[in-house]
1. Hey, any hits in segment 65-80 for a residue that's under 14 Å from the mean Cα position of the chain (by Cα), surrounded by 18 or more Cβ atoms within 10 Å (Cβ to Cβ) and either of a type in the set (D, E, K, R) or not in a loop (DSSP other than H, G, I, E, B) (or both)?
2. Of the residues that make up segment 5-26, is at least one modelled with pLDDT of 90 or more, assigned to a loop (DSSP other than H, G, I, E, B), buried (at least 17 other Cβ atoms within 10 Å of the Cβ) and in contact with an Asp or Glu (Cβ under 7 Å, 6 or more places away or on another chain)?
3. For segment 117-138, state whether one or more residues are in contact with an Asp or Glu (Cβ under 8 Å, 6 or more places away or on another chain), among the hydrophobic types (A, V, I, L, M, F, W, C) and at pLDDT 95 or above.
4. State whether one or more residues within segment 99-106 are free of Cβ contacts under 8 Å to residues at least 60 places away in the same chain and within 18 Å of LEU46 (Cα to Cα).
5. Kindly indicate whether GLN39 is polar (S, T, N, Q) and at pLDDT below 95.
6. Of all strands (runs of 3 or more DSSP E) completely enclosed by segment 106-149, which ones contain at least 3 residues that are in the same structural domain as LYS41 (by TED's automatic domain parsing) and among the hydrophobic types (A, V, I, L, M, F, W, C)?
7. Keeping to segment 81-97, report how many residues are more than 18 Å from the chain's Cα centre (by Cα) and surrounded by 14 or more Cβ atoms within 10 Å (Cβ to Cβ).
8. Do we have ALA47 as over 22 Å from ALA133 (Cα atoms) and at pLDDT below 95 here?
Amino acid sequence: MQQSFAQTGGPLWQAAATPTARAAGKQQPGSWFTLDAAQLKARLSLAPVETSPADAVTLELPFPDGTLHRFAMTRVPVMAPALAARYPQIQTYAGQALTDRATSVRLETTPAGLHAQVLTPTGPLSVVAEGAANLYHSRADAPDAFECLARQLPTQQRLLGGTPPAAPAPYGARCARCGWPWQPPASTPRAWAAARWPARSPLW
């Protein structure tokens, strides 16, 4: 793994005060930092492709509690070659925390700055650009709202911890998250529903 050059030219991140406009109004909790954009560009220019993880470069990312965590970063192209050649200023990377193998990150750099989404065992967080002067906000992401669309049949009951009942013919489909038999509303066109949920309705 290539060495971090955090000691050359100053730190990559520096703690910053909460912007006045944000401090006066309601804001999402987190921490604020300024980024050395030139150093970031220099470091990421050395990132290898994802098939060479042993040569990954080290990059620090700020967490909402104000601490910096080190990640091993590799370059992960997601655009077609022709499109990537047209927009070379857009680059995408993936990384894994050096001290916690269960924590990973997806990061992209664009003309608007850096954006990172970190997945941790305690929940996701984001590092996003906020305004000018390389100002960034590290904050926890709100959990996704989930509404199960599986419909329980009136004649069926499921005991807590029991096995879900069989799906009614001819559907054979189940909700991917709760296990209850799923069938589309009567008003849903069958062809559209089959295209929308192909993995959940194999018998259509």
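1. Taking every residue of segment 65-80 in turn, none turns out to be under 14 Å from the mean Cα position of the chain (by Cα), surrounded by 18 or more Cβ atoms within 10 Å (Cβ to Cβ) and either of a type in the set (D, E, K, R) or not in a loop (DSSP other than H, G, I, E, B) (or both).
2. The answer is yes, given that some residue of segment 5-26 is modelled with pLDDT of 90 or more, assigned to a loop (DSSP other than H, G, I, E, B), buried (at least 17 other Cβ atoms within 10 Å of the Cβ) and in contact with an Asp or Glu (Cβ under 7 Å, 6 or more places away or on another chain).
3. The first filter runs over segment 117-138 and keeps only residues in contact with an Asp or Glu (Cβ under 8 Å, 6 or more places away or on another chain), leaving 117, 120-121, 123-126, 134, 136-137.
Keeping just the survivors that are among the hydrophobic types (A, V, I, L, M, F, W, C) gives 125.
Still in the running and at pLDDT 95 or above: 125.
So far as segment 117-138 goes, yes, one or more of its residues are in contact with an Asp or Glu (Cβ under 8 Å, 6 or more places away or on another chain), among the hydrophobic types (A, V, I, L, M, F, W, C) and at pLDDT 95 or above.
4. Residues of segment 99-106 that are free of Cβ contacts under 8 Å to residues at least 60 places away in the same chain, as a first pass: 99-106.
In the following step, the residues that additionally are within 18 Å of LEU46 (Cα to Cα) were identified as 105-106.
Looking for residues that are free of Cβ contacts under 8 Å to residues at least 60 places away in the same chain and within 18 Å of LEU46 (Cα to Cα), one finds at least one in segment 99-106, hence yes.
5. Details: polar (S, T, N, Q): yes; at pLDDT below 95: no.
For GLN39, the condition - polar (S, T, N, Q) and at pLDDT below 95 - is not met.
6. Values: elements: 113-120, 123-129, 135-140.
Hits in segment 106-149: 113-120, 123-129.
7. If we filter segment 81-97 for residues that are more than 18 Å from the chain's Cα centre (by Cα), which is where we start, we get 81-89.
From what is left, the residues that are surrounded by 14 or more Cβ atoms within 10 Å (Cβ to Cβ) are 84.
Residues in segment 81-97 being more than 18 Å from the chain's Cα centre (by Cα) and surrounded by 14 or more Cβ atoms within 10 Å (Cβ to Cβ): 1 in total.
8. Numbers: over 22 Å from ALA133 (Cα atoms): yes; at pLDDT below 95: no.
No, not satisfied.
The values are calculated or read from the model by the stated rules, or taken from the named source; none is laboratory data. Keep in mind that what you see is a predicted model, and the values were worked out from it rather than measured. All Cβ positions, even for glycine, are placed from backbone atoms using ideal geometry, and neighbour counts span all protein chains on display.
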